[in-house]
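Engineer: This structure is in structure tokens; I'll ask about it shortly.
The values are calculated or read from the model by the stated rules, or taken from the named source; none is laboratory data. Everything quoted here is computed from the prediction, not taken from an experiment. We place every Cβ from the backbone using ideal geometry, glycine too, and count neighbours over all the protein chains shown. SASA here: full protein model, heavy atoms, side chains in, ligands and nucleic acids out. Shrake-Rupley method; radii C 1.70, N 1.55, O 1.52, S 1.80 Å.
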Amino acid sequence: KQEVTQIPAALSVPEGENLVLNCSFTDSAIYNLQWFRQDPGKGLTSLLLIQSSQREQTSGRLNASLDKSSGRSTLYIAASQPGDSATYLCAVRPPGGSYIPTFGRGTSLIVHP
Amino acid sequence: NAGVTQTPKFQVLKTGQSMTLQCAQDMNHNSMYWYRQDPGMGLRLIYYSASEGTTDKGEVPNGYNVSRLNKREFSLRLESAAPSQTSVYFCASIQRDSSYEQYFGPGTRLTVT
């Protein structure tokens, strides 16, 4: 059974820092990996989607990498801002047309001015 | 596109009451999902519908029923609400093309007293 772990569970950094959030998964046979952002009291917003054949995806100040062989993905946030404060979740999807992703429990990020 | 919409946003029920949470998506997605999110428990899958006309149990289906009314709509029913069902409920859908990207609704915050 696939397990997804996100460490640390919480992170507090000063504004302007570059930071890395981690997502580990136990079964390297995945179809894709998706990073989400969740603001307090809101739904999940998709940030980046990496297919199993890709190594990384970029959107603005965000860069997500994928290393299937080691079962790891990282979300890099450059020049962090207070508006980046949120919970970040990753989800992995198995191959073979399965419709059920496995979610990590998220990293709660606070960027203070 | 409105994406994934959910109604109501908030609801308070007494123990034993029933209610239906509504979900609709306008992205022509085949697969739809109901999750609950509780502090310290992460996202847990209640039911999903891989395609119109099919539904399947997820990790925590007890106390819930679902209906895939048509391709757009997927409802979740609590027949006899219990305090343990106090939670935030999210509906989601997946783009079943090559990407399998998942989209979430804004959530329904349910309190059962």
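Engineer: Can you name the condition, by its number, that residue B:54 falls short on among (1) at pLDDT below 95; (2) in contact with a Leu (Cβ under 8 Å, 6 or more places away or on another chain); (3) not acidic (Asp, Glu)?
Structural biologist: In the conditions (1) at pLDDT below 95; (2) in contact with a Leu (Cβ under 8 Å, 6 or more places away or on another chain); (3) not acidic (Asp, Glu), residue B:54 misses (2) alone.
Engineer: Quick check, is residue B:57 within 13 Å of another protein chain (Cβ to nearest Cβ) and more than 27 Å from residue A:39 (Cα to Cα)?
Structural biologist: yes
Engineer: Check off (1) touching a residue at least 40 places away in the same chain (Cβ under 8 Å); (2) β-branched (Val, Ile, Thr); (3) away from every other protein chain (no Cβ under 13 Å) for residue A:30 and give me the number that stays unchecked.
Structural biologist: Only one criterion is unmet by residue A:30, namely (3).
Engineer: Can I ask one more? Restricting to the range A:10-26, name every residue that is open to solvent by less than 70 Å² (accessible area, probe 1.4 Å) and assigned to a loop (DSSP other than H, G, I, E, B).
Structural biologist: A:16
Engineer: Answer with yes or no whether residue B:35 is aromatic (Phe, Trp, Tyr), at pLDDT 95 or above and under 21 Å from residue A:103 (Cα atoms).
Structural biologist: Spelling it out, residue B:35 is indeed aromatic (Phe, Trp, Tyr), at pLDDT 95 or above and under 21 Å from residue A:103 (Cα atoms).
Engineer: Which residues, counting only those in the range A:33-44, are within 7 Å of another protein chain (Cβ to nearest Cβ) and open to solvent by less than 50 Å² (accessible area, probe 1.4 Å)?
Structural biologist: Across the range A:33-44, the qualifying residues are A:34, A:43, A:44.
Engineer: For residue A:57, work out the one condition from (1) open to solvent by 10 Å² or more (accessible area, probe 1.4 Å); (2) in contact (Cβ under 8 Å) with a residue 12 or more places away in the chain; (3) within 14 Å of chain B (Cβ to nearest Cβ); (4) over 28 Å from residue B:9 (Cβ atoms) it doesn't fulfil.
Structural biologist: For residue A:57, the failing item is (2).
Engineer: Which residue out of A:100, A:30 is in a loop (DSSP other than H, G, I, E, B) and buried (at least 20 other Cβ atoms within 10 Å of the Cβ)?
Structural biologist: Exactly one of A:100, A:30 is in a loop (DSSP other than H, G, I, E, B) and buried (at least 20 other Cβ atoms within 10 Å of the Cβ), namely A:30.
Engineer: In addition: Within the range A:93-107, track down each residue that is at negative phi and more than 11 Å from every other protein chain (Cβ to nearest Cβ).
Structural biologist: A:107
Engineer: May I pose another question? Mind counting the residues in the range B:60-105 that are out of contact with any Lys or Arg (no Cβ under 8 Å at 6 or more places or on another chain), over 14 Å from residue A:101 (Cβ atoms) and within 14 Å of chain A (Cβ to nearest Cβ)?
Structural biologist: Number of matching residues: 6.
Engineer: OK, next. For residues that are within 10 Å of another protein chain (Cβ to nearest Cβ) and part of a loop (DSSP other than H, G, I, E, B), scanning just the range B:24-53, find the one that is most open to solvent (accessible area, probe 1.4 Å).
Structural biologist: B:41
Engineer: Do we have any residue at all in the range A:66-78 that's touching a residue at least 60 places away in the same chain (Cβ under 8 Å) and away from chain B (no Cβ under 14 Å)?
Structural biologist: Yes, that holds for at least one residue.
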